[in-house]
Amino acid sequence: MAAIALGIPAVRRADAAAPSMAGRPDVAGLVDRFGRVAHDLRISITSACSLRCTYCMPAEGLPVIPRDELLSADEIGRLVGIAVRDLGVREVRFTGGEPLTRGDLVDIVRRSAEAAPGTPLALTTNGIGLDKRAEALRDAGLGRVNVSLDTLDREHFARLTRRDRLPAVLAGIAGAHRAGLGPIKVNAVLMRQTLHDAPALLAWAIEHGCRLRFIEQMPLDADETWRREHMVDADELLAELRSGFVLEPVGREDPAAPAEEWLVDGGPATVGIIASVTRPFCGACDRTRLTAEGAVRSCLFGDDETDLRGLLRSGAGDDEIADRWRAAMWGKKAGHGIDDVDFVRPIRTMGGIGG
């Protein structure tokens, strides 16, 4: 597979060999060889972002994807319709980069809602500018948002994101509350420099009615500085939070949920931890992903990509597109393999894959 600098590989041409379906049962859903079925669709709609978080993007940002290589609003809507109607997808989330950098985001949401009526639609965002667009997104069919916020310390925020935009993020969260885009989940990546900020962030989240989830940093940073021995893990975070709160484990909402939950001070508030590295949940993964260029990724850490954009633009029917998608997911690997001696980081960084 050819690679473009800074973590965005070229997708395979539509005339490239399709993934094998050998041995696959004749079922409609997105099943893989290990019996998992994908019901959750993540669609990256851009690699552009208004921040430069060190665990995600290089300081100069990712290369701009030419507009004609991005999926259009019509194409995204069509793929959402196929996913829900033909492949058993039950929830769709739009990611980036930063989705709010796309001027046609409201149209993307509207067309997706029209293609799959009643399907929950969500957005992962850094919140910058959300206060200005939250009502329009709600009216178009968006149900809820996940907002990335790693710390409430303005200096720490600016250093981590390379941008002094904390007030804009907080304004975006407030705007989402006013528009009724809830429940609002706040995602915080665990970093050494912000670990001691975690209790204050949890207290703020409880006060403002947000569901906070901490995420272990994964080897998806553009600068490739991630090292297992340097990362903050779930156990270290729990020790930090217990300096100010009583935490009681309550497990997961469902087996496929990425976050383990803890009751805070007897509840009803909870805090979640997505321990992708030290407590992997690959065995229950129910995700399928589309890149901004229209390629299926069966795994966050798998570089195999199956081009659907080429099929869309060559006049393929929905059945052919659905079959190509099924084949891509049939080849999904067992797990991310971070602990394997032969582990190789994916070519794409988090900003080029989508959260």
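Tabulated data for the structure shown
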| item | result |
| --- | --- |
| Subset tally (residues that are without any contact (Cβ under 8 Å) to a residue 60 or more places away in the chain, open to solvent by less than 40 Å² (accessible area, probe 1.4 Å) and assigned to a loop (DSSP other than H, G, I, E, B)) for segment 64-102 | 2 |
| Answer from ASP131, ASP164 - the residue that is on the phi < 0 side of the Ramachandran plot and not in a helix (DSSP H, G or I) | ASP164 |
| Members of segment 152-177 that are open to solvent by less than 30 Å² (accessible area, probe 1.4 Å), touching an Asp or Glu at 6+ places or on another chain (Cβ under 7 Å) and either closer than 29 Å to PRO120 by Cβ or charged (D, E, K, R) (or both) | GLY172, GLY175 |
| Residues within segment 43-63 that are open to solvent by 30 Å² or more (accessible area, probe 1.4 Å) and among the aliphatic types (A, V, I, L, M), tallied | 2 |
| Flag for THR225 being at pLDDT below 80, β-branched (Val, Ile, Thr) and open to solvent by 30 Å² or more (accessible area, probe 1.4 Å) | yes |
| Some residue of segment 108-122 being in contact (Cβ under 8 Å) with a residue 60 or more places away in the chain and surrounded by fewer than 20 Cβ atoms within 10 Å (Cβ to Cβ) | no |
| Subset of segment 31-45 [assigned to a loop (DSSP other than H, G, I, E, B) and within 16 Å of VAL92 (Cβ to Cβ)] | HIS39, ILE45 |
| Within segment 75-120, tally of residues that are under 20 Å from ARG313 (Cα atoms) and of a type outside the set (Val, Ile, Thr) | 12 |
| Close pairs from segment 255-271: first polar (S, T, N, Q) and at pLDDT 95 or above, partner assigned to a strand (DSSP E or B) and buried (at least 16 other Cβ atoms within 10 Å of the Cβ), Cβ under 8 Å, at least 6 apart | THR270/ARG211; THR270/GLU261; THR270/TRP262; THR270/LEU263; THR270/VAL264 |
| Identity of the residue in segment 243-295, of a type in the set (Phe, Trp, Tyr) and open to solvent by 20 Å² or more (accessible area, probe 1.4 Å), that ends up farthest from LEU212 (Cα to Cα) | PHE281 |
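The values are calculated or read from the model by the stated rules, or taken from the named source; none is laboratory data. What you are looking at is a predicted structure, and each value in this text was computed from that prediction instead of being measured. Quick reminder, even Gly has a Cβ in these numbers, built from the backbone with ideal geometry, and neighbours come from all protein chains shown. Heads up: the accessible areas ignore ligands, DNA and RNA and are worked out on the full protein's heavy atoms, side chains in. Shrake-Rupley method; radii C 1.70, N 1.55, O 1.52, S 1.80 Å.
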